[in-house]
Every structure is written in C-alpha cells, then in structure tokens.
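These notes are about the structure you will find just below.
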Amino acid sequence: MTSRSKQSRAYTLLELVLVLAIIASTLAMVAPSLSGFARGRRAEDAARQFIALTRWARSQAATDGVSYQLTVDPSLGQWKLNVQDDTDSFTDTPGPFGRVFSVPEGVEIQCELPIVEGQQTITFDASGRCDTGTLHFVGFGSDVTVTCVAPIEVYRILKDDGGQS
C-alpha cells in the first residue's frame with residue numbers, strides 16, 4: 001500500500017497548459033494598451049532629438065567660430081542643420097548631424113520661428129547666441145512644447161505646469 005505522503009509532488013500537464021493559457025490571454029488583453037504607451041512617447045522623443053541637435057549646433061557654432069542654421073519645414077515634419085561657409089552662405093553640415101531629421105509617423109510640428117528666405121529658421125551665432133522661438137510636437141494626444149525665450153538661453157521642453165526641463 002502506498003501512502004499519499006510518499007507520492008511525488010508535481011504539476012500535471014493539464015495544470016501547466018491551463019496556467020500558460022491564462023498568461024497568454026492576459027498578455028493579449030494588455031498588449032494593445034502597451035503599444036499606445038509607446039505611440040504616445042513619439043512626440044516627446046522627437047522633441048528631445050530636436051533639442052539635442054540645437055544644443056550641438058550652439059556648441060559647434062561657438063567652437064568653430066561660424067554660424068549654423070537649423071531650418072524647420074512643418075509641412076514635411078522635417079528639420080536640417082546647415083553651416084556657414086567661406087562665402088557667407090549656408091551649406092550642408094558634414095557628418096551625421098547634416099542629415100534631414102523627420103518626426104515619426106503621426107506626429108506633426110507647429111512652429112513660431114524667424115523666417116529667413118521663406119523658411120522657418122533658427123540661427124546659432126559664433127558668439128553663442130541663437131534665435132528665440134517656440135515649436136510644438138503634436139501627436140497621439142500629446143503636445144510637447146519646445147521653447148527658447150532669450151538668445152542666451154538653450155531650447156528646452158516646457159512642462160505642462162509652465163516650468164522648464
């Protein structure tokens with residue numbers, strides 16, 4: 001006669017399959033809300049990428065002793081950085097910062113920037129000063145405001161409470 005206390009304690013295959021089915025159905029219910037979370041971050045990610053480029057342009061302008069221009073095209077959702085050459089005109093910036101940057105799908109840019117030759121532009125001078133302006137990165141229920149309030153300030157994200165980060 002065998003006693004129940006001496007039997008091996010293990011889960012049956014049926015119990016394991018049932019637990020896996022519960023986990024799978026829970027993940028199936030949660031996954032759509034997680035994708036919405038990632039989508040909602042796209043506007044802020046684009047704004048942070050824009051700010052990083054403005055800070056790089058400002059430091060390079062002071063380091064190189066030449067002006068840099070950041071041109072924003074809201075209709076295409078793009079921005080590009082150009083550098084002043086020896087003839088005082090602006091040409092492509094060499095390296096990875098000279099490419100065209102775009103907002104992710106579903107995000108748009110709204111700008112209040114100075115107009116130079118028909119384009120919304122931020123100029124970074126060799127003195128370390130830059131044009132002031134405001135941009136809004138809008139998409140998926142998110143509106144991220146990027147602003148520079150004084151020529152000696154840097155571009156920053158304006159928090160919902162009016163503070164800056």
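Just so it is clear, none of the values below were taken in a lab; they were calculated from the coordinates. As the structure is a prediction and not an experimental result, all values here were calculated from the model. Glycine gets a Cβ as well: all are built from the backbone with ideal geometry, and neighbour counts include every protein chain shown.
Observations
- Taking Cα atoms only, the orientation of helix 42-64 departs from the longest principal axis of the chain by about 40 degrees.
- Between helix 13-40 and the chain there is an angle of about 20 degrees, using the helix long axis and the longest principal axis of the Cα atoms.
- Two-decimal log10 I(q)/I(0) for the chain, as the Debye equation yields it once each C-alpha is a single scatterer, q = 0.13, 0.15, 0.16 Å⁻¹: -0.68, -0.83, -0.92
- Sparse-neighbour loop sites [GluC sites (Glu not before Pro); the range 76-124; at most 13 other C-beta within 10 Å; DSSP]: E105, E117
- With the highest mean first, a sort of the peptides 85-91, 61-67 on other beta-carbon atoms found within 10 angstrom per residue produces 61-67, 85-91.
- The chain, helix-only ellipticity at 222 nm - DSSP H runs n ≥ 4, -39,500 (n - 2.57), divided by all residues, nearest 500: -11000 deg cm²/dmol
- Think of each Lys and Arg Cβ as +1 and each Asp and Glu Cβ as -1; about the Cα centre, that makes the dipole of the chain roughly 1480 debye.
- Based on Cα contacts under 8 Å between residues 6+ apart, the chain shows a relative contact order of 20 percent.
- Charge tally for E153 (other residues, Cβ to Cβ under 14 Å; Lys, Arg +1; Asp, Glu -1): +2.
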